[in-house]
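Trainee: Dumping the structure here so I can ask a few things about it.
Computed from the coordinates by the stated procedures, all read-outs in this text should not be read as laboratory data. Because the structure is predicted, anything quoted here is derived from the model rather than measured. Every residue, glycine among them, receives a Cβ derived from its backbone with ideal geometry; neighbour counts consider all protein chains shown.
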Amino acid sequence: MAAASPIATPQIAIVHLKPNDEVARRWKVVKMLGQGGFGAVYLVKDLHDGKEYALKSERAQETTRVLKQEVYVLVALKKASAKHCCDLIDSGHLSEYNYVVMSLVGSTLHDLRKQPLNTKKQKFSLGTALSVGIKCIDAIQELHSIGYLHRDLKPGNFAIDKNDVRKIVMFDFGMCRKYVDAHGEVRKPRWAAGFRGTLRYAPISCHISRELCRKDDLETWLYQQIEITTGGLPWRHLSEDEKDEVGRWKEKCRAEEFQKDLFAGCPSEYVEIMLYLDTVRYFDTPDYAKLCDLLKQAITGHNLHEYPYDWETPEWKKLSSEI
């Protein structure tokens, strides 16, 4: 299966830190947690109290300043007492690199979808998928409420909380864009906008160079929701070189005769959500409650239970301990 392809996502030069390196005389590097186009993330220990956190860094000379944008968003979320995101702990500028320290998160939805009971199906049980979907909408609404679009939502940017396996948190805000002006009014759209995000989940607006709005984050969420429900999307095998073909797939699945290609194995409420989102315009405030109510309706209509989540079951825990 082809990996979900990032398009026009800024590529950040890796800042190489070694175990036992100290940052700002407070943070001691334990190990690297991961790296990619976003740069590198390290597990660090607070020299004051021994607690562990995640540290993300970028070179001071970096022109894209993804980390700076991430700090802006995290500060705004913290000021708003946001409940569905990682916490900002510290940030700073050193001679060679900038850094931000955040609370650790648990496994991402991307990783959970592929572990251990899911290695073939690569999906969640319907009850888990629907409940998680509601919590992701809550996180998206929270971000929109402070005036930002995420623009790169995907299963890899949602995770379970480190201390609460039923809590879903959003992270990685480097691609965010402010969609309101200083007066809180929605900014006028640019004549054309570059492709931002990850090809597999990107909204149709990305494919036609249209300025993104709040409903586009929700369209991206819907593709993610379908994937965690069914195990895949019809265009998952296409590469980033086939961007136009992916866009045609997304357009085609709007037609009634092709909806089965996208929604096979999904509750009928998913189709209702797509049809509703397609009516939302650039300046409109989406009806987040309507989306959540439709997912709750699916839970009730299929006589499902939200809990326990798949990763709480004894079978899951047993297999996880054997890996």
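Trainee: Between ILE14 and SER95, how many nm apart are label points set 7 Å from Cα along the C-beta direction?
Mentor: The modelled label-to-label distance comes out at 2.4 nm.
Trainee: Could you pull out the GluC sites (Glu not before Pro) across segment 48-88 that fall in loop regions by DSSP (anything but H, G, I, E, B) with no more than 10 other Cβ atoms inside 10 Å? All intermediate terms of the calculation are to be shown ahead of the outcome.
Mentor: Details: sites: GLU52, GLU58, GLU62, GLU70; in loops: GLU62.
Answer in residue order: no site qualifies.
Trainee: Sticking with this one: Between LYS78 and GLU306, what length comes free when the chain is fully extended (0.36 nm per residue of separation minus the Cα-Cα distance, one decimal in nm)? Intermediate values should be presented prior to the final figure.
Mentor: Details: separation 228, 0.36 × 228 = 82.08 nm, distance 2.85 nm.
Taking LYS78 through GLU306 to full extension adds about 79.2 nm, to one decimal.
Trainee: Then there is this: Report the relative contact order of segment 106-302, percent, no decimals, based on alpha-carbon pairs under 8 angstrom and at least 6 residues apart.
Mentor: Numbers: 267 pairs, mean separation 46.6, N = 197.
After rounding, I find 24 percent.
Trainee: Sorting TYR97, TYR307 on the 10 Å Cβ count, fewest up front, what's the list?
Mentor: On the way: TYR97 20, TYR307 9.
Sorted ascending by nearby Cβ count, the order is TYR307, TYR97.
Trainee: Where the centre of each part is set by its Cα atoms, how far does segment 164-214 sit from segment 256-323, in angstrom?
Mentor: Taking the Cα centre of segment 256-323 as reference, the centre of segment 164-214 is 21 Å away.
Trainee: In addition: Specify the angular offset, from 0 to 90 degrees and rounded to the nearest 10, of the alpha carbon long axis of helix 268-277 from the longest principal axis of the alpha carbons in the chain.
Mentor: Computed tilt is about 70 degrees.
Trainee: Can you sort TYR72, TYR309 by how many other beta carbons sit within 10 Å, fewest first? Please list the in-between numbers first.
Mentor: Working: TYR72 15, TYR309 20.
Ascending number of Cβ neighbours within 10 Å: TYR72, TYR309.
Trainee: Please give the length that would be gained between GLU52 and THR285 if that part of the chain were fully extended, namely 0.36 nm times their separation in residues minus their C-alpha to C-alpha distance (nm, one decimal). The partial results should precede the final answer.
Mentor: On the way: separation 233, 0.36 × 233 = 83.88 nm, distance 3.84 nm.
Separation in residues times 0.36 nm, less the Cα-Cα distance, equals 80.0 nm.
Trainee: Mind checking the dipole of the chain: about its Cα centre, +1 per Lys or Arg Cβ, -1 per Asp or Glu Cβ, Debye to the nearest 20?
Mentor: Details: 47 positive and 45 negative charges, 98 e Å.
My answer is approximately 460 debye.
Trainee: Quick one: which residues, 5+ away or cross-chain, put their amide H under 5 Å from the amide H of ALA40? H built at 1.01 Å from N.
Mentor: Hits under the 5 Å cutoff: VAL15, SER57.
Trainee: If contacts are Cα pairs under 8 angstrom and at least 6 residues apart, what is the relative contact order of segment 131-205 in percent? Write out the running numbers ahead of the final one.
Mentor: Working: 71 pairs, mean separation 23.9, N = 75.
The value is 32 percent.
Trainee: Rounded if a/c is under 1.5, else prolate if a/b beats b/c, else oblate: with a ≥ b ≥ c from the C-alpha gyration tensor eigenvalues square-rooted, which is segment 188-249? Don't skip to the end; give the middle numbers.
Mentor: Details: a/c = 2.98, a/b = 1.43, b/c = 2.08.
Here segment 188-249 falls in the oblate category.
Trainee: What ranking do 22-30, 84-92 get when scored by the average of other Cβ atoms within 10 Å per residue, highest first?
Mentor: 84-92, 22-30
Trainee: With a ≥ b ≥ c the root eigenvalues of the C-alpha gyration tensor of segment 106-302, is it rounded (a/c under 1.5), prolate (a/b larger than b/c) or oblate?
Mentor: Verdict is rounded for segment 106-302.
Trainee: Let me ask you something else. Comparing GLY174, GLY231, GLY133, which has the greatest mean-square fluctuation in the GNM of the chain with Cα pairs linked when under 10 Å apart?
Mentor: GLY231
Trainee: Something else about it: Are there trypsin sites (Lys or Arg not before Pro) in segment 222-308 that DSSP marks as loop and that have at most 11 other Cβ atoms within 10 Å, and which are they? Show your work: numbers first, answer last.
Mentor: Working: sites: ARG236, LYS243, ARG248, LYS250, LYS252, ARG254, LYS260, ARG281, LYS290, LYS296; in loops: ARG236, ARG254, ARG281.
Passing sites in segment 222-308 are ARG281.
Trainee: Next question. Quick check on the exposure proxy: order ILE160, ILE146, ILE226 from fewest to most C-beta atoms within 10 angstrom.
Mentor: Values: ILE160 22, ILE146 16, ILE226 26.
Fewest-to-most ranking of ILE160, ILE146, ILE226: ILE146, ILE160, ILE226.
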